[in-house]
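A.B. asks: This is the structure I have questions about; it appears just below.
Values in this text are rule-based calculations from the coordinates and carry no lab data. Since the model is a prediction, treat every value here as computed from it, not as a measurement. Cβ sites come from the backbone with ideal geometry, for glycine too, and all protein chains shown count toward neighbours.
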Amino acid sequence: MSDLKEKKIAIPERNQGESLSDYSYRILKTNIMQFNLVPGDIINEDEIAKMLGISRTPVHESVLNLCAEKLISIKPRKESRVTMISVSAINEGIFVRSCIEPEIILQSRGNLASHYIKLLMDNLEQQKKLINGNMDTRMFFNLDDEFHKLLYDGTNKSQTYEMVKRISVQFDRVRYLILLSDINTGRNPLIYNEHQELFNIVAFKSNLDIEIKSFILGHITCLEKYFSKLFSLYPNYFSFD
């Protein structure tokens, strides 16, 4: 696998008040999720600390946290590496979202405060601008996540959202990989249109309940049709444990 010096690692500035441990965690997780660091890449803590201009301790702490999230594997007296994308974990993430998110939509339907309606509208407008302008994959992915998070927050289920995101981390890696790949052609406008329909459901109570559940399940599970192609394109990225 490539040496870190050969990788194009994104290193944004440290946020105000952000601890060194949180900073290194954010840098590493972002680069893993966005495939600047790919499955199997060696994680050299000394090298990362040097790149970030910090000591090794906060980097080690962030590596331990990412190990707990199953994004980095640590083997005693061997290299730490970015984990393979676990297919079983992908399926578990899909299962959790499929069980919880339809209920979130039903609870938010007609019950969201005007503040959240406005935030959802602003989010959709930003998605539309990206689709009609210069597409920024990272920004579009973040807007997608933010849209769904607003629905959880608007129904006082913020902790549920954080739990779902932890369980769905491998599924999220696949979502991003699809956005980066050629098989994503034409998918972003479809995502936007589905988000617009979700907005209509929660803001205007459109559709019957049974249709809502079916629609949400389709929105969540639609990526499954891309899996076989992904396995073919990136065979070294996945583990079938």
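A.B. asks: Under a cut-off of 15 Å between alpha-carbon atoms, report the aspartates and glutamates in cross-link reach of residue 75, not counting same-chain residues fewer than 8 places apart.
C.D. replies: Straight-line reach from residue 75, under 15 Å: 41, 45.
A.B. asks: If you filter the stretch 77-124 for GluC sites (Glu not before Pro), then keep DSSP loop positions with at most 14 other Cβ within 10 Å, what is left?
C.D. replies: Passing sites in the stretch 77-124 are 79.
A.B. asks: Hydropathy at least -1.0 by Kyte-Doolittle, axial extent at least 20 angstrom from the Cα trace: which helices of the chain, defined as entire DSSP H runs, fit?
C.D. replies: What comes out of the filter, once short or polar helices are dropped, is 87-108, 114-132, 137-154, 187-204.
A.B. asks: Scan around residue 41 for amide H atoms under 5 Å from its own, H built in the peptide plane at 1.01 Å from N, and keep only partners 5 or more places away or cross-chain.
C.D. replies: Those lying under 5 Å, H to H, from residue 41 are 82.
A.B. asks: Net charge near residue 20, counting Lys/Arg +1 and Asp/Glu -1 over other residues with Cβ under 9 Å of its Cβ?
C.D. replies: On the way: positive: 14; negative: 18, 22, 61.
Within the 9 Å Cβ shell, the charges total -2.
A.B. asks: Over 25 Å between Cα atoms, which of 8/118; 8/129; 129/229; 129/149 qualify? All intermediate terms of the calculation are to be shown ahead of the outcome.
C.D. replies: On the way: 8/118 37 Å; 8/129 27 Å; 129/229 29 Å; 129/149 20 Å.
Exceeds cut-off: 8/118; 8/129; 129/229.
A.B. asks: First select every other residue whose beta carbon is under 14 angstrom from the beta carbon of residue 112; then total the charges, Lys and Arg +1, Asp and Glu -1.
C.D. replies: Numbers: positive: 109, 118, 149, 157, 205; negative: 122, 153.
Taking every other residue near residue 112 into account, the sum is +3.
A.B. asks: Considering amide H positions built from the backbone, and no H for Pro or chain starts, which residues 5 or more places from residue 86, or on another chain, come under 5 Å of its amide H?
C.D. replies: Long-range HN contacts for residue 86: 239.
A.B. asks: Using a cut-off of 12 Å between alpha-carbon atoms, which aspartates and glutamates can reach residue 157, once sequence neighbours fewer than 8 places away in the same chain are excluded?
C.D. replies: 101, 103
A.B. asks: Need one word for the chain: rounded, prolate or oblate. Basis is the Cα gyration tensor (sqrt eigenvalues a ≥ b ≥ c); a/c below 1.5 gives rounded, then a/b vs b/c decides.
C.D. replies: On the way: a/c = 1.92, a/b = 1.65, b/c = 1.17.
Since a/c reaches 1.5 and a/b is larger than b/c, the shape of the chain is classed as prolate.
A.B. asks: Could you pull out every residue, at least 5 positions away or on a different chain, whose amide H is within less than 5 Å of the one on residue 72? Hs are placed 1.01 Å off N in the peptide plane, and Pro or chain starts have none.
C.D. replies: Answer set, sorted by chain and number: 67, 83.
A.B. asks: Quick one: compute the contact order of the chain, relative version, from alpha carbon pairs under 8 angstrom and 6+ residues apart, as a percent.
C.D. replies: With pairs under 8 Å counted, the relative contact order is 26 percent.
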